[in-house]
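The values are calculated or read from the model by the stated rules, or taken from the named source; none is laboratory data. Keep in mind that this is a model prediction, so the values were computed, not measured. In this analysis, Cβ positions are derived from the backbone assuming ideal geometry, glycine residues included, and neighbour counts consider all displayed protein chains. The accessibility values were calculated without ligands, DNA or RNA, using every heavy atom of the protein model including side chains. Shrake-Rupley method; radii C 1.70, N 1.55, O 1.52, S 1.80 Å.
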Amino acid sequence: GQSLEQPSEVTAVEGAIVQINCTYQTSGFYGLSWYQQHDGGAPTFLSYNALDGLEETGRFSSFLSRSDSYGYLLLQELQMKDSASYFCAVRDPNYGQNFVFGPGTRLSVLP
Amino acid sequence: DSGVTQTPKHLITATGQRVTLRCSPRSGDLSVYWYQQSLDQGLQFLIQYYNGEERAKGNILERFSAQQFPDLHSELNLSSLELGDSALYFCASSAPGAYGYTFGSGTRLTVV
């Protein structure tokens, strides 16, 4: 099966840059995704990396290194509204390629 | 509004009871996924349907079942409910080849 690890909490101030790491162990790799979830809300898809390197989407970027089984989500110019939980997810061939989610990282942005 | 509709938003029921959660996917999406989110287990994949057919099963208990109807809406049936079944149940949908899922706002189930 799949196993993912993320830090449980990260704190940063408005305007700063924060990096949320994700390491994974998989029986087959088909891409790494990131989701954002505000308290009481639904997970929202942010990004997907199938190949090594950095993908940039506005203030958010996602990086993947398949050789290191590692990825990160980079959030720049932090805003208060970025306070949320962030989940990495990988496809699990044992579950028909459906996404298995990491435990999540709670990001708190301070004024 | 993500386009994925889940009803009801909240449900309170007693142990031993049976409930049905409903999900309508985004227009055009053929796949529907059910996930359970609890504090101690995180987001757990339960089951996937594609165009009316069961496609994959995850950590779904035998007391739980689901189906997808010809109009593509899906229902998740939870029976013989236990206190530990209290959780947020999310439905998601995706288009063929899409990289990500679109989640509904969830149903918060409380078993008392």
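Per residue, the accessible area of chain B comes to 48 Å² when a 1.4 Å probe rolls over the protein heavy atoms. Residues of the range A:68-111 that lose at least 50 Å² of accessible area (1.4 Å probe, protein heavy atoms only) when the other protein chains are present, relative to their chain alone, are A:Tyr95, A:Asn98, A:Phe99, A:Phe101.
With a cap of 16 neighbouring Cβ atoms within 10 Å, and only residues DSSP puts in a loop, list the GluC sites (Glu not before Pro) found in the range B:1-91. Answer by residue number: B:Glu62, B:Glu82. Here the range A:14-111 is treated with +1 on each Lys and Arg Cβ and -1 on each Asp and Glu Cβ, and its dipole about the Cα centre works out to around 180 debye.
The mean count of C-beta atoms from other chains within 10 Å of the C-beta of residues in A:28-35, rounded to a whole number, is 1.
Before we go on, tell me the buried accessible area for the B/A pair, both chains summed, 1.4 Å probe, in Å² to the nearest 100. Buried: approximately 1400 Å² between A and B. Going by the alpha-carbon gyration tensor, a ≥ b ≥ c the square roots of its eigenvalues, is chain A rounded (a/c under 1.5) or, if a/c is not under 1.5, prolate (a/b greater than b/c) versus oblate? Note, shape of chain A comes out prolate. Projected label points at A:Ser3 and B:Ile60, each 7 Å from Cα along the beta carbon direction, are separated by 2.7 nanometres. Annotation: for a label point projected 7 angstrom from Cα along Cα→Cβ of A:Tyr48, residues of the range B:1-45 with backbone N closer than 15 Å are B:29-33. Surface composition of chain B: carbon and sulfur make up 47 percent of the accessible area, probe 1.4 Å. Taking the range A:14-45 and a reference point 7 angstrom along Cα→Cβ of A:Ser65, the backbone N atoms nearer than 17 Å belong to A:19-26, A:32. Solvent-accessible surface of chain A, taken per residue with a 1.4 Å probe and all protein chains present: 46 Å².
When exposed loop sites are taken as trypsin sites (Lys or Arg not before Pro) in a DSSP loop with at most 14 other Cβ atoms within 10 Å, the longest stretch of chain B clear of them is B:64-112. Take every Cα pair under 8 Å whose residues are at least 6 apart in sequence, average their separation, divide by the length of chain B, and the relative contact order is 37 percent.
For the residues of B:94-105, the average number of beta carbons from a partner chain within 10 Å of their own beta carbon is 4.
Rounded to the nearest 20 debye, the dipole magnitude of the protein assembly as shown is 380 debye, with +1 charges on Lys and Arg beta carbons, -1 on Asp and Glu beta carbons, and the Cα centre as origin. In the range B:62-81, which residues have a backbone nitrogen under 14 Å from the label point lying 7 Å from B:Gln17's Cα in the Cα-to-Cβ direction? Backbone N within reach: B:78-81.
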